[in-house]
């Protein structure tokens, strides 16, 4: 083990026990036999393992601090998540160190390392854009999880000491699309701007709903916007240009409320009546949905519930309890004025 | 000095030097004569003063952490402020401890004490609602400032070791109101929901602009909404009820974009054309302004500039430099489709 830091995995191997057991010993849980406890402590001593978690288990030196990473804390959805988490964690006696990482991997690695240096007790990644398609790019998460529990809010990654709390984005979009089709609207355009974990789940829900209804999916039924979704005029122009090329649609399902706003603006420009000529469904059920004209139908992914569950799961893990690796909640379509009654 | 903690003020008195000088000694600045330095150090020793700042001045033990307090980190405006500040401070090598305090004084005092316990190097209050009308209620800010610099983002309070970076909300609303009047729109309604420092400055700007134009201000020209401004349907209903009581207006200036959205919704309900029958101006130039239909004219209070200046001022103070107590920037009315051309 020379040349790199000893991790919880090394201890697990050396002691011949599961990682969960090592974690329980680290966290001072009583659900460990004295013999097992000794095996783990011996392995730690022999390997020179002295993590922060160890000190915490002994009631020493814990900073009672959780690191929160978000790409952009001013994004409507992420901001709300941070708000819920900070309050929930403070109620549990924990402070929050906030890191706005942007979207580049190198910044994320730097932020992660910074938080670990600060000896945080756990790290929460807010939003699904932290998971990369290229498996190797997720190494920074595995590395962090070797030291402290890592919690993913609306993302999934199967790794030891990583806990995922997600909304079932796949089924939410599947159901919303199916509902439109059942109402006789088969020309549905899916508008999106992210290939994140959650983005992919949503897209798959759309594709499968169309397939399930026996509708042959044309590639022009999906429209990807590359830039920042807050650029309403650019997204509106993209929809116009798509339409002007002859692609026709009678509904737009957008992967985010901000994109859905652009679909509304597109409808005004083309003199399309909402919802008669064009139905629009957004995602996140944010403040924008109620502020839109007409008020936007939107999928609520129950962010507050996700944050509550994430916090109680993290507290369980820090308390040395066996906690579920993944918890999934169903979303709900909130129907307002942009979908048929 | 028995019975309470020794503060920077006590040292200043005892050593017979200004607070700025004590601060410079604490921060290890070179702009202090050796004789003065000794006087201050002696006063500290005699009084038993050993604040975190002292350790920092000696290059010891600083946590390189700034506490950020905001009522609600998911509020569009506050979220953007936190986002800018976190990035700017991290670029300076400082971490951010985030506290969402809500709006009650007791929670604020608790959050402030929590941050001081964590030995933060400075505290930033984001938003003007931290300043109370009752002077005694601001004691928690004075007390904190006796230990670390306190930075106010868009609020003002005249106290030692408190630094204020504000947008000139008074002049922004004065100018916007005056512009409407010059365009022949004299029946202006001011819609607001906060009596905060910034809220009062805006209201005064409205009152003075009307007075300045020789328009007799009726009390029904101001409409206060008591609840959360995100409750669009309640604010819309309040406007309708005001109108239905016979109060007529041809423009609404709102103290926040969210309130302005309700004015747009009110116009649709009453079949008023925008801007011909009703002009609307919001405040903050947030994402909502661009997402509104029609796009909302709004006052930009240059939040990013405020955050940049706040950060450089704080870094100056921590570096032991004399920094301005108050810095004021002018806002700007961004004209979109809800005001006459």
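The values are calculated or read from the model by the stated rules, or taken from the named source; none is laboratory data. Since the model is a prediction, treat every value here as computed from it, not as a measurement. All Cβ positions, even for glycine, are placed from backbone atoms using ideal geometry, and neighbour counts span all protein chains on display.
Please go through the stretch A:237-276 and pick out each residue that is more than 12 Å from chain B (Cβ to nearest Cβ), surrounded by fewer than 23 Cβ atoms within 10 Å (Cβ to Cβ) and not in a loop (DSSP other than H, G, I, E, B).
Once the filter is applied, which keeps residues that are more than 12 Å from chain B (Cβ to nearest Cβ), surrounded by fewer than 23 Cβ atoms within 10 Å (Cβ to Cβ) and not in a loop (DSSP other than H, G, I, E, B), the stretch A:237-276 yields A:237, A:238, A:240, A:241, A:242, A:243, A:244.
Restricting to the stretch A:90-102, name every residue that is surrounded by fewer than 20 Cβ atoms within 10 Å (Cβ to Cβ) and within 9 Å of another protein chain (Cβ to nearest Cβ). Even if it seems obvious, please write down each step before you answer.
Residues of the stretch A:90-102 that are surrounded by fewer than 20 Cβ atoms within 10 Å (Cβ to Cβ), as a first pass: A:91-93, A:102.
The one that is surrounded by fewer than 20 Cβ atoms within 10 Å (Cβ to Cβ) and within 9 Å of another protein chain (Cβ to nearest Cβ): A:102.
Using the structure shown, decide if residue A:291 is surrounded by 22 or more Cβ atoms within 10 Å (Cβ to Cβ) and without any contact (Cβ under 8 Å) to a residue 24 or more places away in the chain.
Values: surrounded by 22 or more Cβ atoms within 10 Å (Cβ to Cβ): yes; without any contact (Cβ under 8 Å) to a residue 24 or more places away in the chain: yes.
Taking the combined requirement at face value, the residue satisfies it.
If a residue counts only when it is modelled with pLDDT under 80, which helices (runs of 4 or more DSSP H) contained entirely in the stretch B:19-99 have at least 2 such residues?
Working: elements: B:19-26, B:34-47, B:52-57, B:76-91.
Ranges flagged: B:19-26, B:34-47, B:52-57.
Does residue A:285 count as modelled with pLDDT of 95 or more and either assigned by TED's automatic domain parsing to the domain that holds residue A:198 or under 30 Å from residue A:146 (Cα atoms) (or both)?
For residue A:285, the condition - modelled with pLDDT of 95 or more and either assigned by TED's automatic domain parsing to the domain that holds residue A:198 or under 30 Å from residue A:146 (Cα atoms) (or both) - is met.
(1) within 25 Å of the chain's Cα centre (by Cα); (2) modelled with pLDDT of 95 or more; (3) not in a strand (DSSP E or B): which one isn't true of residue A:323, the others all being true?
(2)
Can you tell me which of B:180, B:189, B:157, B:152 is modelled with pLDDT of 95 or more and closer than 30 Å to residue B:9 by Cβ?
B:152
In the stretch B:62-89, how many are more than 7 Å from chain A (Cβ to nearest Cβ) and over 25 Å from residue B:259 (Cα atoms)?
10
Can you name every residue in the stretch B:284-320 that is in a helix (DSSP H, G or I) and within 13 Å of chain A (Cβ to nearest Cβ)? Please lay out each step first, then the result.
Narrowing the stretch B:284-320 to residues in a helix (DSSP H, G or I): B:287-291, B:303-318.
B:287, B:288, B:289, B:290, B:291, B:303, B:304, B:307, listed by residue number.
Taking the condition over 29 Å from residue A:78 (Cβ atoms) and touching a residue at least 12 places away in the same chain (Cβ under 8 Å), does residue A:219 pass? Walk me through it before giving the result.
Numbers: over 29 Å from residue A:78 (Cβ atoms): yes; touching a residue at least 12 places away in the same chain (Cβ under 8 Å): no.
When the stated conditions are applied, residue A:219 does not pass them.
Out of (1) surrounded by 20 or more Cβ atoms within 10 Å (Cβ to Cβ); (2) over 20 Å from residue B:105 (Cα atoms); (3) out of contact with any helix residue (DSSP H, G or I) (no Cβ under 6 Å at 6 or more places or on another chain), what's the single condition that is false for residue B:173?
Evaluating residue B:173 over (1) surrounded by 20 or more Cβ atoms within 10 Å (Cβ to Cβ); (2) over 20 Å from residue B:105 (Cα atoms); (3) out of contact with any helix residue (DSSP H, G or I) (no Cβ under 6 Å at 6 or more places or on another chain) leaves (3) as the failure.
Can you tell me how many residues in the stretch A:220-236 are in contact with a helix residue (DSSP H, G or I) (Cβ under 8 Å, 6 or more places away or on another chain) and not in a helix (DSSP H, G or I)?
Matching residues across the stretch A:220-236 total 6.
Would you confirm whether or not the stretch A:224-232 contains a residue that is away from chain B (no Cβ under 11 Å), within 30 Å of residue B:77 (Cβ to Cβ), within 30 Å of the chain's Cα centre (by Cα) and surrounded by 23 or more Cβ atoms within 10 Å (Cβ to Cβ)?
No, because not a single residue in the stretch A:224-232 is away from chain B (no Cβ under 11 Å), within 30 Å of residue B:77 (Cβ to Cβ), within 30 Å of the chain's Cα centre (by Cα) and surrounded by 23 or more Cβ atoms within 10 Å (Cβ to Cβ).
Residue B:147: surrounded by fewer than 23 Cβ atoms within 10 Å (Cβ to Cβ) and touching a residue at least 60 places away in the same chain (Cβ under 8 Å), yes or no?
Yes, satisfied.
If residue A:105 satisfies all but one of (1) modelled with pLDDT of 90 or more; (2) facing chain B (nearest Cβ under 10 Å); (3) touching a helix residue (DSSP H, G or I) at 6+ places or on another chain (Cβ under 8 Å), what's the number of the condition it fails?
(2)
Out of curiosity, is residue B:194 assigned to a helix (DSSP H, G or I) and either touching a helix residue (DSSP H, G or I) at 6+ places or on another chain (Cβ under 9 Å) or under 30 Å from residue B:135 (Cα atoms) (or both)?
no
Could you check, for the stretch B:110-128, whether at least one of its residues is more than 10 Å from chain A (Cβ to nearest Cβ), over 22 Å from residue B:63 (Cβ atoms) and buried (at least 22 other Cβ atoms within 10 Å of the Cβ)?
For the stretch B:110-128, residues more than 10 Å from chain A (Cβ to nearest Cβ), over 22 Å from residue B:63 (Cβ atoms) and buried (at least 22 other Cβ atoms within 10 Å of the Cβ): present.
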